[in-house]
Structure formats: C-alpha cells, structure tokens
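Accompanying notes for the structure given below.
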Amino acid sequence: MYLPESNHGKEEPKLSEKNAWLGNTFWLVSVAIILLFAVHLLYTGLGWYSDSYDARVYLESARMMGRGFPPYRQIFVSQPPLWLPLIYLAFRLFGETFLAGQLVTATAGLIAIAAVMLITKQLGGSASSILAGTLVTLSPVEFEWSRLINADVPSVALTAVAMVLAARYARNGRRGWLVAASVAIVGSILVKLLGLYAVPSLFLFVIARWMHASDIDRRQRLRFIGQDSLIIFGIFVGITLLTLALVRSDQVWNQVITFHWAGRKVYPSGSLSEKWRALTQLLVGERLLLMLGWLAALCLLGGADGLAILAWPCFALLGLLNQRPLFDHHMVALIPALAAAIGVGIGYLGVIYALFLRWFSRQIRPIRITIGTVSVIAGLAFLGAGAGQAWIELADQQKFRRGSAVPSPDLRAAELVVKNTNPGDMIITDAQGIAFLADRDVPPSLTDTSYLRINSGYLQPQQVIDQAEVFHVRLVLLWSWRLSLMPEVVRWADKRFPHRVDLGSERVLYFQ
C-alpha cells in the first residue's frame, strides 16, 4: 500500500504542472492568434486620405508644430498637452503623412486589445480573456476609430494599461504597480480627458488591495488606503505640473477646459432620455457587446476586485451621458471597459452553474428533462446568434475598409491649391486636410476652424483676417462651410483676392 500511495503522491503534482503548462501554452497561442488577426485588421491598407475633420486638424496642427510654432501659445489646441506631441513624434519617425497619424491610433487599438485580455485573465481566467479580446477586436466602433486619427483611442489604450497595472497591485500589493498604474492613468488624461472616467476604478482597486489584507485592523486599512490615495494624487499633480512647465503656456486651461465648457452652451443639453437614445443609436452596431452586456453584472461576485472593474464601464457610461456634444468617437471610451467587465463576469459563470446544478439535481426527472432540453436549445441558439453577429461585424469592418479607399473630392481641391500656390506659401482653409495634402502651411492659430470654435466665440472674423495679413496668405479655400459662417471673412476674401473659382456646393477658391 505504501508504494502506490507514494507514487500517486509524486505523479499528482507532475500531472498538475503538465495541465498548467498546457493551459498556459493554449492561452499564449490563442492570444497570439487574436493579436495577429487584429494586426491584419488594423494595419492593412493604412495610408489612405481621411476626410474626418478632427483628423485633418490634428495633422495640420502637428505639421505647424514641426515648423517651430508652439502649441497653445500660437497653435490653437483643444486637447490636453500629450496628444499633439504623439502625432509630431509619428511624423518624425514615419514622415508627414496620413499613414504616420493612423499608425498612432492603430497601435493604440492593438495595445487596448492586449490590455483587455491581460486584465481579464487576472480577474476572470484564461478562457474569458480570449472572449474579451475577441469582443474588442470585432467591435465596429473600436475598429473604425483605431484606423482614424483621434485622441480617444490612445487615451483609452493607456487607461486599459492602467487597469492591468492596478489589478496587479490589488493582487500582489507591491506599490511599484500602483505607481505605474497612476502614471498610465495620468498619461491617459493628458492625451484626452476621457481618462477621467477610469479614475474611480483606480481608487477601487486600491481599496480591493487592502480588503485582501486580512491581518490588519480597520484603522490600519484606512491609513494604507489614504497613503495609496496620496501616491496617486501626488503622481497626478507632479506629472501634470511638469507637463505644463514644458508646454510653457497659460492657455492650456483656456483651450482645453474653458473652451469645451463654453462649447457645451452651443449644443442643446437635452433630457436624459434623449441622451440615452443618442447613446443607444451610436451603440446599435455593437451587437456582440449588447448581447453579452448583462454578463458584466456578474463581476460583483468577485467582491472588491469585481466592483473595481465593473466601475470602469459604469463611469464611462455616466460620462458619455453627460458628454455634450456626443460623437461617435467618444464611444471608444466604453468598448474596452465593457468588454473587460463582460470577460471578468463570464469567469464567474461557473459559480452560477454550480448553484444551478445543485437546484437541478433536486428536481423530479420530467422537470430535469424539460429544463435540460430547453437549456441546450437556448444555449445553441445563443451561440449561433453570437457567431452570426460576429460574422456580420466582420463584414461591416470590410465594408468600412472598402469605403475608406474611395477617392475623395478633397484630392481635386488639393491639386488646385498646389496649382495656384508655391511651396512655402501660406493659405487659409476650413478643410485643413486639404492644406495637409497640398503640403501647404496655414497660420498656426487657424489650424482649427471648427464649428464649435466659431460658434463659442473662440474664433472671431477679425482674428482670421489679421492672421491672413500677418502671414501674407496667398490663397483662401472655403470648403466645409465653416468659414462661410463669417460674412466678414467672405467679404474680405472677395475684396482681397482678384481671382475666384466657384467649386460648387458653396465652395469657393480665392487666390492671387
């Protein structure tokens, strides 16, 4: 009896180690497959011209930054201080092209997918992490905006990294992870303010860390939570002040905060039901996330850790309901957060299943047969619907990719700008992407001539005229109707430039 028991005792750990090795290998292979597929989706066919207004503003602003004009002091920048330098860095690495800007967001989208899988693996298990990564990869909103130039995707990617690091801190208690998480979340906020939506989750992970420590009393627990909160706050203040010192401008608050606050008055606030309707209309293409969204509530079975990860999409949702105006690209804040919460929630389905089996085993045989049959049919139908929705979302992604390759009328306008100006000439336009295509500079304070800036009073007609005179503008292109909202500018252009070309649809080219 002794020898068999001894052999069994030696073989069991080996078997457990083998199963763990196989499980980790399967997970790593699955992650590699998802990431390679995401690389194919995100990077294939980049470099095409995008007529997204924000993308064109960011590119021309980064271009003028490369010409030596400082952000905020001369270039009007409505985003926090770290966003424009990201585009500028891409220009330095890959040249002043649309491809350079698109590589920033495509890479950020890839980082978001990897981060969602990592955080879900920590809190929900390997299998659920694969599902969470798949949800982000197949998301139409995430796919579209990861291929367009915007600050939202990089900001949310840094937020997802912060959540990975914060969850790691909650599990092992080493404050180096908390410091890294705090740096990542501050970086997210300094790229775009959407990062603020994840700050409550960061503090909840701190609480979760000290809830795990059962060998300390309540007073000690509160003291340690207070110390961690001071670390987070100190890092936020330190990095923010250092960034502002490097920017060396007192206009950051005015252009990033006050400008957007003034912009809220331009757009009607609407009732809560109207905001919810607008939000759901933007989410209508997120079939898989909407179908599985209810599973995120199961995160609560994970205690403080589960509450922390569930708070991420909840606060993002509340923030979006308060967002004014609410545009498609803002929805990126919700996608990785909801996918992570769904993945973690699915990790607790085993608990629900165990309770169901306990109840099921106490039922009489006819009831068990009926419930079992209904459950199998419902499960198969649910899996079939999920597979069908995944196929539809893939088809939508391919449709978006084909649509983005269609030639834009902006290309013809860029040719006219090149034809009627010389290299080095300054131009004014309300379609900054055309100036970028034509390789022409614009006055630095006019890289953004948005509807919001004009209607909130942050861009006055006389300012446009003065900039044109200071920089000896050689051509004016009224293309996207924004500058046409200023009759004084139109009258000035009519008097100032002898040549005029009517391009149709109230589009006019003025040149000397």
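The values are calculated or read from the model by the stated rules, or taken from the named source; none is laboratory data. What you see is a predicted model; the values in this text were computed from it and never measured. Every residue, glycine among them, receives a Cβ derived from its backbone with ideal geometry; neighbour counts consider all protein chains shown. These accessible areas exclude ligands, DNA and RNA; they are computed on the full protein's heavy atoms, side chains included. Shrake-Rupley method; radii C 1.70, N 1.55, O 1.52, S 1.80 Å.
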L28-N455 FRET efficiency (beta carbon distance; Förster radius 51 Å; 0.05 resolution): 0.45
At a 10 angstrom cut-off on C-beta neighbours, averaged per residue, how do the peptides 229-236, 164-171, 332-339 rank from highest to lowest? 332-339, 164-171, 229-236
In whole Hz, the Karplus estimates of ³J(HN,Hα) for segment 285-294 (6.51, -1.76, 1.60; θ = phi - 60°; x where Gly or Pro) are x, 7, 5, 5, 5, 5, 5, 9, x, 4
Looking at the square roots a ≥ b ≥ c of the eigenvalues of the Cα gyration tensor of segment 249-319, which shape do they give, rounded for a/c under 1.5, prolate if a/b is larger than b/c, or oblate? oblate
What relative contact order, as a whole-number percentage, does segment 52-165 give when Cα pairs under 8 Å and 6 or more residues apart are counted? 29 percent
Global form of the chain, assessed from the alpha-carbon gyration tensor, a/c cut-off 1.5: prolate
Can you tell me the order of 340-348, 291-299 when each peptide is scored by its average per-residue count of other Cβ atoms within 10 angstrom, highest first? 340-348, 291-299
Mind ranking T137, T280 by accessible surface for me, highest first, 1.4 Å probe? T280, T137
By how many degrees, 0 to 90 and rounded to 10, does the Cα axis of helix 218-247 deviate from the longest principal axis of the chain? 20 degrees
In the chain, what % of DSSP beta bridges are antiparallel (nearest 5)? 65 percent
How do the peptides 424-432, 462-470, 148-156 rank, highest first, by the average count of neighbouring beta carbon atoms within 10 Å per residue? 148-156, 424-432, 462-470
Using alpha-carbon coordinates, inclination of helix 349-360 to the longest axis of the chain, degrees: 40 degrees
Per residue, how large is the accessible surface of segment 112-203? Use a 1.4 angstrom probe and give square angstrom. 25 Å²
Long-range lysine pairs (8 or more apart or interchain), the chain, Cα under 30 Å: 11
As a test question: what accessible area, to the nearest 10 Å², does Y88 have when a 1.4 Å probe is rolled over all protein chains in place? 60 Å²
Long-range amide H contacts for M426: which residues qualify at under 5 Å (H placed 1.01 Å from N, peptide plane, sequence gap of 5 or more or a different chain)? R474
Where Lys and Arg each count +1 and Asp and Glu each count -1, what net charge lies around M486 among other residues with Cβ under 15 Å from its Cβ? -1
Virtual spin-label span in nm between L246 and A213, 7 Å along Cα→Cβ: 3.3 nm
For Cα pairs less than 8 Å apart in space and 6+ apart in sequence, what is the mean separation divided by the residue count of the chain, i.e. the relative contact order in percent? 18 percent
Residues W276 and R491, FRET efficiency given R0 of 60 Å [Cβ-Cβ distance, rounded to 0.05]: 0.85
Relative to the longest principal axis of the C-alpha atoms of the chain, give the angle of the C-alpha long axis of helix 461-470, reported between 0 and 90° and rounded to the nearest 10°. 70 degrees
With the Cα gyration tensor of segment 94-178 giving a ≥ b ≥ c as the square roots of its eigenvalues, does the rule (a/c under 1.5 for rounded; else a/b larger than b/c for prolate; else oblate) give rounded, prolate or oblate? oblate
Note to self: C-alpha centroids of segment 473-512 and segment 125-190 sit apart, in Å, by 45 Å
Once W481, W253 are ranked on solvent-accessible area with the largest value leading and a 1.4 Å probe, the list reads W253, W481
